[in-house]
Amino acid sequence: MSRPRILVINPNSNHKVTQGLEDALKPLDFEGGPEVVCQTLAEGPFGIESQADADSVAIPLRKLVESDNSSAAFVIACYSDPGLQVCREGTDRPVFGIAECGVLTALSRAETFGVIAIAQRSIPRHMRYLRQMGLTDRFSGERPLNMSVAETASGEGTLAKMIEVGRALRDEDGARAVVMGCAGMARHRRALEDALRIPVIDPTQAAVTMALGTVRFSAH
């Protein structure tokens with residue numbers, strides 16, 4: 001019997017980000033469990049760094065989800081959750097957005113949370129989403145790295161900058177958990193948590209964990 005599959009879609013076209021996701025998700029791809037497959041959206045921009053970038057991938061994501069007859073669940077691996085609602089309209093299988101799942105996981109670990117953004121211009125977009133979810137009362141703040149998606153995935157000095165920003169969220173803003181606000185940050189989660197000594201949430205790991213539970217329990 002074939003294993004049910006969870007398809008994790010990187011909506012940007014940077015394969016290094018996809019590789020980072022694969023590495024971060026290896027502990028969740030275990031024998032007897034659902035298969036976790038990461039895929040790059042070829043039509044996507046090299047990095048999703050604006051509202052225009054996020055909007056541009058919504059319909060390509062919908063088409064990918066609709067054309068996939070094999071996956072038991074989908075994860076959209078971008079912290080803007082682009083196309084989340086339109087993809088949910090296109091299938092009766094569960095679709096998870098990493099921002100939604102990452103924030104909900106942070107709320108289960110601490111009273112307050114902060115977010116590390118890739119850039120200052122990402123923050124208003126993220127704030128709109130938090131207001132839509134009604135979660136701003138437990139939100140401590142969001143601070144940018146002022147790096148590109150590509151730089152967070154493979155650039156020099158990324159972890160050091162993340163530690164600096166994470167400490168400011170913890171010490172100055174009062175965050176008791178930190179959410180990494182870009183899928184390209186995935187490879188730094190453990191080292192950042194060791195440095196900050198508070199929970200650090202990789203939102204893609206959070207979303208795939210939720211997808212895994214949903215798929216497993218749907219079969220039992």
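The values are calculated or read from the model by the stated rules, or taken from the named source; none is laboratory data. Quick caveat, the model's predicted, so the values are computed rather than measured. Every residue, glycine as well, gets a Cβ built from its backbone with ideal geometry; the counts of neighbours run over all protein chains shown. Heads up: the accessible areas ignore ligands, DNA and RNA and are worked out on the full protein's heavy atoms, side chains in. Shrake-Rupley method; radii C 1.70, N 1.55, O 1.52, S 1.80 Å.
Would you mind computing the Rg to Rh ratio of the stretch 93-172 from its alpha-carbon coordinates, Kirkwood style for Rh? Dividing the radius of gyration by the Kirkwood radius yields 0.98. The H on the amide N of V200, modeled in the peptide plane, is under 5 Å from the matching H of V178, each at least 5 residues off or on a different chain. For G141, the residues whose amide H sits under 5 Å from its own are V115, ignoring neighbours fewer than 5 places away on the same chain, with H placed 1.01 Å from N. Neighbours of I98, meaning other residues whose beta-carbon lies under 9 angstrom from its beta-carbon, give a summed charge of -3 when Lys and Arg score +1 and Asp and Glu score -1.
Can you list, bin by bin at 5 Å, the percent of alpha carbon pairs in the stretch 15-71, starting at 0? P(r) over the stretch 15-71, rounded to whole percents: 4, 15, 20, 21, 21, 13, 5, 1, 0. Roughly how many Å is it from the Cα centre of the stretch 28-73 to that of the stretch 101-116, as a whole number? If we compute the Cα centre of each part, the gap is 23 Å.
For a straight C-alpha distance cut-off of 23 angstrom, the lysines reachable from K26 (same-chain residues fewer than eight places away being disregarded) are K16. A Förster radius of 41 Å combined with the Cβ-Cβ distance from E66 to L159 puts the calculated FRET efficiency at roughly 0.60.
Amide H contacts of F96 (H built 1.01 Å from N, in plane; Pro and chain starts excluded): F74, V75, I76 sit under 5 Å, all sequence-distant by 5 or more or on other chains.
The residues of the chain have, on average, 45 Å² of accessible surface per residue, using a 1.4 Å probe with all protein chains present.
For P34, the shell of other residues with beta-carbons less than 14 Å away shows a net charge of +2, using +1 for Lys and Arg and -1 for Asp and Glu.
For Q85 and R167, the FRET efficiency from 1/(1 + (r/R0)^6), where r spans their Cβ atoms and R0 equals 25 Å, is about 0.10. Pairwise inverse Cα distances across the chain, averaged and inverted, put the Kirkwood hydrodynamic radius at 17.2 Å.
Using a Gaussian network model of the chain in which every pair of alpha carbons under 10 angstrom is joined by a spring, one finds that among R93, R190, R128 the greatest mean-square fluctuation is at R128. Computed on the Cα trace of the stretch 70-120, the radius of gyration divided by the Kirkwood hydrodynamic radius gives Rg/Rh = 1.05. Sorting 51-63, 94-106, 137-149 by their mean Cβ neighbour count within 10 Å, with the most densely packed peptide first, gives 94-106, 137-149, 51-63.
Of the solvent-accessible surface of the stretch 64-212, computed with a 1.4 Å probe and all protein chains present, 45% belongs to carbon and sulfur.
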